Amino acid sequence: MRSTRMHNLSLMRSLDICEDPTFIPEVAAEVTEDKSEAKSTLDIMKQLIDARPDSASTGFSFKGIKDYLDCYRSGKLTPSQVAKNIIATLEDCDKSTPPLRAIVQWDREQIMLMAEASTARYRNKCTLSHLDGIPVCVKEEFKVVPYHHRVGTVYLGTEPETEDATVAKKLREAGAIIIGVSNMHELGTGTTGCNPNRYHKIPRNPYKPNHFTGGSSSGSAAAVAAGLCPVGIGTDGGGSVRIPASFCGVVGLKGTFGRISCHGSYPLSYSTVSAGPICTSVADAAIVYSILAEPDPLYPYGLKQPKATLSDMCAPDLKGLKLGVDWMFFKACDAEVLTICEKAVEYLKSLGASVVEVSLPEMEEVKIAHVICILSEMRDMLQPDFNKHFQEMNLETRATLALASQFTALDYITANRQRTRSMRFLREIFTTVNCIVTPAVASTAPRIHESDLLTGSNDTSFIVQSMRFMQLANLTGIPGLVVPVGYSTAGLPISLQVMGKWWDEAVLLRIGLKLEQFRNQTKKPSIYYDILA
């Protein structure tokens, strides 16, 4: 049983913090002189699509947005033909042993309708965006018509959804083909992706099917890594986009708090969750980000955000950028992860960036404050479920919510006082550096044990370890990007994380684009479907 001791609650209770609490990590945008965006975002998106090397280059490479667009524009394939391939693949991947379980609800008719509309737009040369005809999956935490909004449970979403979440609506408006909703950890309560209930089952890591995908946006990462779609949408309250992206060897972006609307997602934790894309490349993440990131009148937290730009993303090097590293914090990971991540930092230096040693203060307090905030808010949201559907929840969810019920109002206020402090420390740090670099996850994806398939996983020490480098961004609302930088000797992916100041996703994407070149080869996942073949 997970304990408050594991999360060091006594430390929080012994603190006397004088700062006023910050309950929502909303940060006003800095007013900058408008350098009339040297290059408009559309120009940069076009450059990203044109600049990517042809797939004919040696070795395996994931099929990304560019590959789909090339097929559509050259007439080699239509979105309708691609949709038929996806439907055949969706039927196949859940018949395999073990089943992939990345997409948990899909509908042939829905997929074909979107694909046929896109095919007509290509024929008439009137496409809607760079996502027109691109297959995308959306985490089950979001409402997507006509699917059930189950949020990883067996008891929610008894009726089909009649209204789209904002991200689903924006994807439709951009012409994307939503291939279905993706699997997730029940109610987002864990970081393995282990969900043994009857509607979901355990999604498999495409690199090693007997290992977890990571969670809670487990199905989105598995679908992207397995080639079902080049884009998946997830939410991240404690690493839920970045952990599965890291474990599955793909790119994951958690936007600044409020940057991408979470309207229409199940409001599990209102102060820690950000939405973001999981993609096969940084360029693709930039394209999806620039389409989804904008104020939404239905979502109060991002209304004052500055315009999302991709400024300097395609700069030839990283000259002038300062990367902050707290080496003591950085090194708190497995030896294999450390070796590769240290080399990746050296590589960024070779491109002209300078590495500045910084101190990230009070990280133990950050860890506890984050756990108190996210679990107290979930416990509040799920109070009726906890009373009414306790027996239908996975054991792990029950244990997590039981732990959350031990937190007091005082704990919650103290945790939010800590948030104020941590945000202040970050403001100071970001006056000296452009970003903070850490490993993404301290270890590689753990093995799935037979018992997990029946009763779920309940490894508290793994949860604590997997969130180590994630919680700072969730507590304070800063953006974070994870990029694969190599593999363990067992062949499991390892990633590096770059975090930036509020609203400065552009600098993360610029660094990420260069970071991708560090990995001299991409290993092909053992489960991979080439939809364009």
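Looking for whichever is on the phi > 0 side of the Ramachandran plot, more than 27 Å from the chain's Cα centre (by Cα) and open to solvent by 20 Å² or more (accessible area, probe 1.4 Å) here; the options are 75, 59. Which one fits? Even if it seems obvious, please write down each step before you answer.
Working: 59 fails: more than 27 Å from the chain's Cα centre (by Cα).
Every option except 75 fails the conditions.
Determine, yes or no, whether residue 240 is assigned to a loop (DSSP other than H, G, I, E, B), under 12 Å from the mean Cα position of the chain (by Cα) and of a type in the set (S, T, N, Q).
It is true that residue 240 is assigned to a loop (DSSP other than H, G, I, E, B), under 12 Å from the mean Cα position of the chain (by Cα) and of a type in the set (S, T, N, Q).
Do we find a residue being of a type outside the set (Phe, Trp, Tyr), within 28 Å of residue 235 (Cα to Cα), modelled with pLDDT of 95 or more and in a loop (DSSP other than H, G, I, E, B) anywhere in segment 105-114? Before the answer, list the steps.
If we filter segment 105-114 for residues that are of a type outside the set (Phe, Trp, Tyr), which is where we start, we get 105, 107-114.
Among the residues that remain, those that are also within 28 Å of residue 235 (Cα to Cα) are: 105, 107-114.
If we keep only those that are modelled with pLDDT of 95 or more as well, we get 105, 107-114.
Cutting the leftovers down to in a loop (DSSP other than H, G, I, E, B) gives us 107.
Looking through segment 105-114, at least one residue is of a type outside the set (Phe, Trp, Tyr), within 28 Å of residue 235 (Cα to Cα), modelled with pLDDT of 95 or more and in a loop (DSSP other than H, G, I, E, B).
Going through 234, 219, 215, 276 one at a time, which residue ends up being in a strand (DSSP E or B), touching a Ser or Thr at 6+ places or on another chain (Cβ under 6 Å) and within 25 Å of residue 161 (Cβ to Cβ)? Explain how you work it out, then say what you get.
Details: 219 fails: in a strand (DSSP E or B); 215 fails: in a strand (DSSP E or B); 276 fails: touching a Ser or Thr at 6+ places or on another chain (Cβ under 6 Å).
It is 234.
Within segment 518-532, can you find the residues that are in contact (Cβ under 8 Å) with a residue 12 or more places away in the chain and of a type outside the set (D, E, K, R)? Step through it out loud before you land on a result.
Residues of segment 518-532 that are in contact (Cβ under 8 Å) with a residue 12 or more places away in the chain, as a first pass: 518-519, 521-532.
The answer is 518, 521, 522, 525, 526, 527, 528, 529, 531, 532.
What are the residues in segment 132-161 that are among the charged types (D, E, K, R) and without any contact (Cβ under 8 Å) to a residue 40 or more places away in the chain, if any?
Restricting attention to segment 132-161, the residues satisfying the condition of being among the charged types (D, E, K, R) are 132, 139-141, 143, 150, 159, 161.
If the condition is that a residue be among the charged types (D, E, K, R) and without any contact (Cβ under 8 Å) to a residue 40 or more places away in the chain, then 159, 161 are the ones that fit.
Out of segment 424-456, which residues are farther than 30 Å from residue 488 by Cα and open to solvent by 10 Å² or more (accessible area, probe 1.4 Å)?
Once the filter is applied, which keeps residues that are farther than 30 Å from residue 488 by Cα and open to solvent by 10 Å² or more (accessible area, probe 1.4 Å), segment 424-456 yields 424, 425, 427, 428, 429, 430, 431, 432.
Residue by residue through segment 457-466, note down the ones that are crowded, with 23+ Cβ neighbours inside 10 Å and of a type outside the set (Gly, Ala, Ser). Step through it out loud before you land on a result.
Pass one, segment 457-466, residues crowded, with 23+ Cβ neighbours inside 10 Å: 457, 463, 466.
Correct list: 463 only.
Given 443, 461, which one is touching an Asp or Glu at 6+ places or on another chain (Cβ under 6 Å) and closer than 30 Å to residue 486 by Cβ?
Values: 461 fails: touching an Asp or Glu at 6+ places or on another chain (Cβ under 6 Å).
The conditions single out 443.
(1) touching a residue at least 60 places away in the same chain (Cβ under 8 Å); (2) out of contact with any helix residue (DSSP H, G or I) (no Cβ under 8 Å at 6 or more places or on another chain); (3) open to solvent by 20 Å² or more (accessible area, probe 1.4 Å): which one isn't true of residue 246, the others all being true?
Tallying (1) touching a residue at least 60 places away in the same chain (Cβ under 8 Å); (2) out of contact with any helix residue (DSSP H, G or I) (no Cβ under 8 Å at 6 or more places or on another chain); (3) open to solvent by 20 Å² or more (accessible area, probe 1.4 Å), residue 246 fails exactly one: (3).
Inspect all residues belonging to segment 163-177 and state whether any of them is part of a loop (DSSP other than H, G, I, E, B), open to solvent by 10 Å² or more (accessible area, probe 1.4 Å) and modelled with pLDDT of 95 or more. Write out each step before concluding.
Of all residues in segment 163-177, those part of a loop (DSSP other than H, G, I, E, B) come to 163-165, 174-176.
Now restrict to residues that are open to solvent by 10 Å² or more (accessible area, probe 1.4 Å): 163-164.
Filter once more, so that each one left must be modelled with pLDDT of 95 or more: 163-164.
The answer is yes, given that some residue of segment 163-177 is part of a loop (DSSP other than H, G, I, E, B), open to solvent by 10 Å² or more (accessible area, probe 1.4 Å) and modelled with pLDDT of 95 or more.
Being open to solvent by less than 50 Å² (accessible area, probe 1.4 Å), farther than 20 Å from residue 510 by Cα and in a loop (DSSP other than H, G, I, E, B) is the filter here; which residues of segment 306-353 pass it? Give the steps one after another, and end with the answer.
The initial filter retains those residues of segment 306-353 that are open to solvent by less than 50 Å² (accessible area, probe 1.4 Å), namely 306, 308-311, 313-315, 317-318, 321, 323-326, 329-330, 332-333, 337-338, 340-341, 344-345, 348, 351-353.
Checking the rest, the ones that are also farther than 20 Å from residue 510 by Cα come to 326, 329-330, 332-333, 337-338, 340.
If the condition is that a residue be open to solvent by less than 50 Å² (accessible area, probe 1.4 Å), farther than 20 Å from residue 510 by Cα and in a loop (DSSP other than H, G, I, E, B), then 326, 332, 333 are the ones that fit.
Out of segment 122-139, which residues are in a loop (DSSP other than H, G, I, E, B), open to solvent by 10 Å² or more (accessible area, probe 1.4 Å) and either closer than 18 Å to residue 101 by Cβ or of a type in the set (D, E, K, R) (or both)? Walk me through it before giving the result.
Here is the first cut: in segment 122-139, the ones in a loop (DSSP other than H, G, I, E, B) are 124-134.
Narrowing the set further to residues that are open to solvent by 10 Å² or more (accessible area, probe 1.4 Å) leaves 124-130.
Listed by number, the list holds a single entry, 125.
Quick check on segment 475-485. Is at least one of its residues open to solvent by 10 Å² or more (accessible area, probe 1.4 Å) and touching a Ser or Thr at 6+ places or on another chain (Cβ under 6 Å)?
Here is the first cut: in segment 475-485, the residues open to solvent by 10 Å² or more (accessible area, probe 1.4 Å) are none.
Checked against the condition, which is being open to solvent by 10 Å² or more (accessible area, probe 1.4 Å) and touching a Ser or Thr at 6+ places or on another chain (Cβ under 6 Å), segment 475-485 yields no hits at all.
Could you figure out which of (1) in contact with a His (Cβ under 9 Å, 6 or more places away or on another chain); (2) open to solvent by 10 Å² or more (accessible area, probe 1.4 Å) isn't true of residue 217?
That leaves (2) as the condition not met.
Could you tell me which of the residues 310, 303, 268 is among the aliphatic types (A, V, I, L, M) and under 18 Å from residue 28 (Cβ atoms)? Give the steps one after another, and end with the answer.
Numbers: 310 fails: under 18 Å from residue 28 (Cβ atoms); 268 fails: under 18 Å from residue 28 (Cβ atoms).
After ruling out the rest, the residue left standing is 303.
Name the one entry in 196, 209 that is surrounded by fewer than 24 Cβ atoms within 10 Å (Cβ to Cβ), more than 20 Å from residue 148 (Cα to Cα) and touching a residue at least 40 places away in the same chain (Cβ under 8 Å). I'd like the intermediate steps shown before the answer.
Details: 196 fails: more than 20 Å from residue 148 (Cα to Cα).
Checking each option against the conditions leaves just 209.
May I ask you to list pairs of residues, at least six apart or on different chains, whose Cβ atoms are under 7 Å apart, with the first in segment 286-304 being basic (Lys, Arg) and the second being outside any strand (DSSP E or B) and open to solvent by 10 Å² or more (accessible area, probe 1.4 Å)?
304/28; 304/29
For every residue, the table says whether it meets (1) among the aliphatic types (A, V, I, L, M); (2) farther than 18 Å from residue 252 by Cα.
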{"position": "499", "(1), (2)": "yes, no"}
{"position": "503", "(1), (2)": "no, no"}
{"position": "517", "(1), (2)": "no, no"}
{"position": "529", "(1), (2)": "no, yes"}
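Considering each residue of segment 107-120, count those that are open to solvent by 40 Å² or more (accessible area, probe 1.4 Å), touching a residue at least 40 places away in the same chain (Cβ under 8 Å) and farther than 15 Å from residue 171 by Cβ, and give that number.
1
Go over the candidates 227, 238 one by one and state the one that is in contact with a Lys or Arg (Cβ under 7 Å, 6 or more places away or on another chain) and either among the basic types (Lys, Arg) or touching a residue at least 24 places away in the same chain (Cβ under 8 Å) (or both). Give the derivation first.
On the way: 238 fails: in contact with a Lys or Arg (Cβ under 7 Å, 6 or more places away or on another chain).
Among 227, 238, only 227 is in contact with a Lys or Arg (Cβ under 7 Å, 6 or more places away or on another chain) and either among the basic types (Lys, Arg) or touching a residue at least 24 places away in the same chain (Cβ under 8 Å) (or both).
For segment 249-267, which residues satisfy the criterion of being open to solvent by 10 Å² or more (accessible area, probe 1.4 Å) and touching a Leu at 6+ places or on another chain (Cβ under 9 Å)?
First, pick out the residues of segment 249-267 that are open to solvent by 10 Å² or more (accessible area, probe 1.4 Å): 262-267.
If the condition is that a residue be open to solvent by 10 Å² or more (accessible area, probe 1.4 Å) and touching a Leu at 6+ places or on another chain (Cβ under 9 Å), then 263, 264, 266 are the ones that fit.
Of (1) open to solvent by 10 Å² or more (accessible area, probe 1.4 Å); (2) hydroxyl-bearing (Ser, Thr, Tyr); (3) over 22 Å from residue 452 (Cα atoms), residue 235 satisfies all except one. Which?
(1)
Being among the charged types (D, E, K, R) and over 21 Å from residue 116 (Cα atoms) is the filter here; which residues of segment 148-206 pass it? Give the steps one after another, and end with the answer.
Kept after step one, since they are among the charged types (D, E, K, R), are these residues of segment 148-206: 150, 159, 161, 163-164, 169-170, 172-173, 186, 198, 201, 204.
The answer is 150, 159, 161, 163, 186, 198, 201, 204.
Do we find that residue 365 is among the charged types (D, E, K, R), open to solvent by less than 20 Å² (accessible area, probe 1.4 Å) and part of a helix (DSSP H, G or I) in this structure?
Numbers: among the charged types (D, E, K, R): yes; open to solvent by less than 20 Å² (accessible area, probe 1.4 Å): no; part of a helix (DSSP H, G or I): yes.
Taking the combined requirement at face value, the residue does not satisfy it.
The values are calculated or read from the model by the stated rules, or taken from the named source; none is laboratory data. Model, not experiment: these values are computed from the prediction. Cβ coordinates were reconstructed from backbone atoms using ideal geometry, including for glycine residues, and neighbour counts include every protein chain displayed. Accessible surface is based on the protein model in full, side chains and every heavy atom, while ligands, DNA and RNA are left aside. Shrake-Rupley method; radii C 1.70, N 1.55, O 1.52, S 1.80 Å.
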